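Engineer: Once you've had a glance at the structure underneath, I'll fire off some questions.
Throughout, read-outs are computed from the coordinates displayed, never taken from laboratory work. Not measured: the values here are computed from a predicted model. A quick note on method: Cβ atoms are made from the backbone with ideal geometry, for glycine too, and the neighbour counts reach across all protein chains shown.
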Amino acid sequence: MPSTIEFPAEFLWGAATSAYQIEGSPLADGAGPSIWQRFAHTPGLVRDGETGDVACDHYRRYADDVALMRELGLKAYRFSTSWSRVLPRGRGAVNAAGLDFYDRLVDALLKNGVEPALTLFHWDLPAALDDLGGWLNPDSASWFADYAAIMFRKLDDRVKIWATLNEPWVVTDGGYLHGAIAPGHRNRFEAPIATHNLLRAHGMAVQAYRAQGKHRVGLVVNLEPKYPASDDPADRAATARADAYMNRQYLDPVCLGRYPDELKEIFGEAWPEWPAEDFALIAQPIDFLGVNYYTRNVTRFDPDAWPLRAAPVRQPRATYTETSWEVFAQGLTDTLVQVKERYGNLPLYVTENGAAFFDPPIAEDDRVQDPLRLDYLRKHTRALHAALQ
């Protein structure tokens, strides 16, 4: 293996964040609450009662943060906008102060030589819209498209990379099926409806962009390659269900105009018959796909694992992060190759990748000795390079 590798000159190196996770000041200057504001402030739902009230204080310190990006040499910065900061009730009157914050952020990025890449939705639905049913309400797609159009009109003269949704699978799996994240529902009948309305929202936002945008619009999904634990047919079938549920549930409708057949088996009577015309809306051509990759999943059949009848198998010799995710760089190569093979030569960005380890102490020379993260990034950079070959 060569000691150095070379990426194409046009390759874009950057970093990524999301609004509620870093901004802080979620109700400042006329902003409205999001479902994550509500969820985090509900006792017992978040460990140690943590909230996004301060977070990284990016809302007040964005200029310092952008200066750090310049110091790091970032060429791109992917961030999300808070829907309820711009539209406090999710629709209707625009909060000028909220919109102005993102206007100033984009200008600061460009002034410092950093390409802005904007994600319109990273899980933080306005609470006022959740009160109307949230993603279970069929009108949610048009609510989102209207919000997207506001952002396009304001920032498309400077933002050239737009993503509609970030990891919609997490929203429906964690928020509507298992109840682990906002809005905290646990209902197998609701999850497919939320999925479908998120996909419709994506399609309507792409249509809105085509009507007024001049650059690129796409979708960001989290993908996790599934490998069968054995050649046993039950393990292979379980792996196919897991792959359909996590990896193909969103990409097949967007790129192929249909849902994977396995979803009917997984959800049973909770899986509706969808209007055929919806798929023409959902499958609007996109300019790129963003792939968030963190780990793989070795899968075995487990009749008691609801709803997939599939369970992960821990690898005894592997390294795991503090989030219990296996470090497996080859999975990034496999994922990118699989996407190309199934969906064609769609331009790809690796929009998220990284590892959670306990922060090491700062040494006497003010340098951080961080071998686990260095090793992780080195391996995944090589895996990305291998996919390019």
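Engineer: Give the distance, in whole Å, between the Cα centre of segment 76-134 and the Cα centre of segment 50-64.
Structural biologist: Answer, in whole Å: 14.
Engineer: In nanometres, what is the gap between the two model label sites at Arg314 and Lys379, each 7 Å from Cα along Cα-to-Cβ?
Structural biologist: 1.7 nm
Engineer: Set the Förster radius R0 to 30 Å, insert the Cβ-Cβ distance between Asp64 and Thr4 as r into 1/(1 + (r/R0)^6), and round the FRET efficiency to 0.05.
Structural biologist: 0.35
Engineer: Also, quick follow-up: Of the DSSP beta bridges with both residues in segment 14-222, give the percent that are antiparallel, rounding to the nearest 5.
Structural biologist: 5 percent
Engineer: Just want the ordering: Ser324, Ser230, from fewest to most Cβ atoms lying within 10 Å of their own Cβ.
Structural biologist: In order of increasing Cβ crowding within 10 Å: Ser324, Ser230.
Engineer: Please list the non-local residues whose amide H lies under 5 Å from the amide H of Glu352, H modeled 1.01 Å from N, same-chain partners needing a gap of 5 or more.
Structural biologist: It is Val291, Asn292, Tyr293, by chain and number.
Engineer: Please give the contour-minus-distance gain from Trp13 to Lys214: 0.36 nm per residue of separation, less the Cα-Cα distance, rounded to one decimal in nm.
Structural biologist: 70.1 nm
Engineer: List the residues whose amide H sits under 5 Å from the amide H of Glu167, counting only those 5 or more places along or on another chain, with H placed 1.01 Å from N in the peptide plane.
Structural biologist: Val220, Val221, Asn222
Engineer: In sequence order, what are the phi-derived ³J(HN,Hα) couplings for segment 174-182 according to the Karplus relation 6.51 cos²θ - 1.76 cosθ + 1.60 with θ = phi - 60°, rounded to whole Hz, with x for glycine and proline?
Structural biologist: 3J(HN,Hα) across segment 174-182, in whole Hz: x, x, 10, 9, 9, x, 7, 10, 4.
Engineer: Could the peptides 240-247, 26-33 be put in order, highest first, of the mean number of other beta-carbon atoms found within 10 Å of their residues?
Structural biologist: 240-247, 26-33
Engineer: Additional query: Round to the nearest 0.05 the FRET efficiency obtained for Lys75 and Phe357 when R0 = 22 Å and r is the Cβ-Cβ distance.
Structural biologist: 0.30
Engineer: Can you work out the FRET efficiency for the pair Ala386 and Asp157, with r the C-beta to C-beta distance and R0 = 45 Å, to the nearest 0.05?
Structural biologist: 0.75
Engineer: Computed on alpha carbon atoms, what radius of gyration and Dmax characterise the chain, expressed in Å?
Structural biologist: Both quantities, over Cα of the chain: 20.7, 64 Å.
Engineer: Something else about it: Can you list the lysines whose alpha carbon is less than 24 Å from that of Lys340, not counting same-chain residues fewer than 8 positions off?
Structural biologist: Within the straight-line cut-off, Lys340 pairs with Lys160, Lys226, Lys379.
Engineer: Using θ = phi - 60° and the Karplus curve 6.51 cos²θ - 1.76 cosθ + 1.60, what whole-Hz ³J(HN,Hα) does each residue of segment 70-76 get, with Gly and Pro shown as x?
Structural biologist: 4, 4, 6, x, 4, 9, 8
Engineer: List residues of segment 189-232, by number, whose backbone nitrogen lies under 20 Å from a label position 7 Å along Cα→C-beta of Glu273.
Structural biologist: Residues passing the 20 Å test: 189-190, 192-194, 196-197.
Engineer: Hey, any idea what Rg/Rh is for segment 14-222, computing Rh the Kirkwood way over Cα pairs?
Structural biologist: With Rg and the Kirkwood Rh in hand, the quotient comes to 0.95.
Engineer: Tally Lys/Arg at +1 and Asp/Glu at -1 over every other residue whose Cβ is under 11 Å from the Cβ of Phe328; what's the total?
Structural biologist: -1
Engineer: Got a sec to turn the phi values of segment 237-242 into Karplus ³J(HN,Hα) couplings, 6.51 cos²θ - 1.76 cosθ + 1.60 with θ = phi - 60°, whole Hz, x for Gly and Pro?
Structural biologist: Going residue by residue, I get 5, 4, 5, 5, 5, 4 Hz, with x marking Gly and Pro.
Engineer: Determine which residues of segment 299-318 fall in the zone a paramagnetic label at Gln338 would reach in this model, i.e. backbone nitrogen under 16 Å from the point 7 Å along Cα→Cβ.
Structural biologist: 299-301, 310-313
Engineer: What's log10 of I(q)/I(0) for segment 153-197 at q = 0.17, 0.21 Å⁻¹, Debye sum over Cα points only, no solvent?
Structural biologist: -0.53, -0.62
Engineer: If you don't mind, there's one more thing I want to ask. Students often get this wrong, so check it: of Lys75/Lys154; Lys154/Lys214; Lys111/Lys214, which have C-alpha atoms separated by over 18 Å?
Structural biologist: Beyond 18 Å between Cα atoms: Lys75/Lys154; Lys111/Lys214.
Engineer: Pull up all non-local amide H partners of Ala310: gap of 5 or more, or a different chain, and H-to-H distance under 5 Å with H placed in the peptide plane.
Structural biologist: When sequence neighbours closer than 5 places are left aside, the close amide H contacts are Asp302, Ala305.
Engineer: Taking neighbour counts of Cβ atoms within 10 Å as a proxy for exposure, in what order, fewest first, do Cys255, Cys56 appear?
Structural biologist: By the 10 Å Cβ count, ascending: Cys56, Cys255.
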